[in-house]
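The values are calculated or read from the model by the stated rules, or taken from the named source; none is laboratory data. As the structure is a prediction and not an experimental result, all values here were calculated from the model. Note: ideal-geometry Cβ built from the backbone for every residue, glycine included; neighbour counts use all protein chains shown.
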Amino acid sequence: MPGRKKHTHPIPPTTTGADGVLLVDKPAGVSSHDVVALARRSFSEKRIGHGGTLDPFATGLLVLFAGRATRLIQYVHDDPKRYEAQLQFGAETDTDDLQGTAVRSAPLPSRAALEAVLPSFIGEIDQVPSSYSAKRIDGQRAYDLARKGIAVELAPVRITIHELRLYDFEGTADAVTACRLYVSCGGGTYVRALARDLAVAVGSAAHLIALRRTQAGIFSVIGAATLEDLREKRAVLAPPLAALSGYLQQTVTDDEIALVTRGIDVEAREPGQFAALVDKSLPGALIAFAERRASELGDRWQPRVVMREVPPK
């Protein structure tokens, strides 16, 4: 959003192995699965996962994890997520975006009405996901059922909206045809559904015609790799430690590394529930991600994700 200051952490120096983190700026018309497949070919690495998909029509930040770093995904701080979207008023579609079929029309809303309801959407709210979402119903994706013409009824989920702003209004003050939306939210939020519900709250209808994710927790789309970078094998992986910003670090000695790589706990010399254990002789080299546990020997770090092979004898 214009004038908004970004608070992000720089990505550490790149790694030479196939274990690491990759930020990609996904263009419209490409699925997240397509981007993952391209990254696998680019790095000759089958083990590549993501920290959250984007719809094909959406653009922006995809956070990918390669090699052993895929096991860190569950521990990554990727909230809040920030999006910039464009809403078109007057019609609602079955997908809540421009790729769907219009299912309902309604009068255009006023700018005053839209701004008046914004506060009611901030904080913890209940949201019914789009019928064309990735939510599972009896083991099947909601969008697969919807495409087969099967009625989909999804239960409301609790989401968190940290910040919500409307700007760049089009039309007139009494009949807004379109506007842009800035959202800072927690995981599980569907911006398409948010646009739908915002319009319903003012007696109108709307769907998204553009959506871009600009940030996910510590990661920003600024400087992210492009698909061309992947095709030309110019993209580089940041080291696995880049995924653990926000966690404390404890350096470990060679003797401790020999234990940690075998899954054996070591002395906890730093506070906190979790820690990134890094090589004392190679600053920034992640050995393992560990969880604190109490023992007869005192507090210990129990490895949960080991990033290095057992050293040879």
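Each residue in region 264-310 was checked for being over 31 Å from the mean Cα position of the chain (by Cα), of a type in the set (Lys, Arg) and part of a strand (DSSP E or B), and 1 of them qualify.
Answer yes or no as to whether ILE264 is outside the structural domain of ARG180 (by TED's automatic domain parsing) and surrounded by 22 or more Cβ atoms within 10 Å (Cβ to Cβ).
Numbers: outside the structural domain of ARG180 (by TED's automatic domain parsing): yes; surrounded by 22 or more Cβ atoms within 10 Å (Cβ to Cβ): no.
Considered against the rule, which asks whether it is outside the structural domain of ARG180 (by TED's automatic domain parsing) and surrounded by 22 or more Cβ atoms within 10 Å (Cβ to Cβ), ILE264 comes out as no.
When ALA195 is tested against (1) closer than 24 Å to THR70 by Cα; (2) crowded, with 21+ Cβ neighbours inside 10 Å, only condition (1) is not met.
When you check ALA238 against the structure, is it surrounded by 13 or more Cβ atoms within 10 Å (Cβ to Cβ) and closer than 21 Å to GLY67 by Cα, yes or no? When the stated conditions are applied, ALA238 passes them. Selection of region 236-260 for residues being assigned to a strand (DSSP E or B) and hydrophobic (A, V, I, L, M, F, W, C) yields ALA238, LEU248, VAL252.
ARG213 fulfils the conditions (1) modelled with pLDDT under 95; (2) basic (Lys, Arg); (3) within 17 Å of the chain's Cα centre (by Cα) except for a single criterion, (1). For THR160, indicate whether it is touching a Gly at 6+ places or on another chain (Cβ under 6 Å), of a type in the set (Ser, Thr, Tyr), modelled with pLDDT of 90 or more and closer than 25 Å to THR59 by Cα. Judged against the criteria, THR160 is a match.
Scanning region 273-298 for residues that are over 12 Å from LEU244 (Cβ atoms) and surrounded by fewer than 16 Cβ atoms within 10 Å (Cβ to Cβ) yields GLN273, LYS280, SER281, LEU282, PRO283, ARG293, ALA294, SER295, GLU296, LEU297, GLY298.
Just wondering, is there one or more residues in region 43-51 that are in contact (Cβ under 8 Å) with a residue 60 or more places away in the chain, under 29 Å from GLY217 (Cβ atoms), in the same structural domain as GLU228 (by TED's automatic domain parsing) and not in a strand (DSSP E or B)? Write out each step before concluding.
Here is the first cut: in region 43-51, the ones in contact (Cβ under 8 Å) with a residue 60 or more places away in the chain are 43, 51.
When the remaining residues are screened for being under 29 Å from GLY217 (Cβ atoms), the result is 43, 51.
Next cut, in the same structural domain as GLU228 (by TED's automatic domain parsing) only: 43, 51.
If we keep only those that are not in a strand (DSSP E or B) too, we end up with 43, 51.
Checked region 43-51: at least one residue is in contact (Cβ under 8 Å) with a residue 60 or more places away in the chain, under 29 Å from GLY217 (Cβ atoms), in the same structural domain as GLU228 (by TED's automatic domain parsing) and not in a strand (DSSP E or B).
Looking across region 175-200, the residues that are under 15 Å from LEU164 (Cα atoms), out of contact with any Ser or Thr (no Cβ under 6 Å at 6 or more places or on another chain) and of a type in the set (A, V, I, L, M, F, W, C) come down to CYS179, LEU181, VAL183, CYS185, VAL191, LEU194, ALA195, LEU198, ALA199. Residue count for region 219-235 satisfying the condition of being touching a helix residue (DSSP H, G or I) at 6+ places or on another chain (Cβ under 9 Å), in a loop (DSSP other than H, G, I, E, B), in contact (Cβ under 8 Å) with a residue 24 or more places away in the chain and surrounded by fewer than 19 Cβ atoms within 10 Å (Cβ to Cβ): 1.
This table checks each residue for (1) in a loop (DSSP other than H, G, I, E, B); (2) farther than 20 Å from HIS33 by Cβ; (3) among the aromatic types (Phe, Trp, Tyr).
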position	(1), (2), (3)
LEU61	no, no, no
VAL103	no, yes, no
PRO109	yes, yes, no
GLU115	no, yes, no
ASP126	no, yes, no
PRO129	yes, no, no
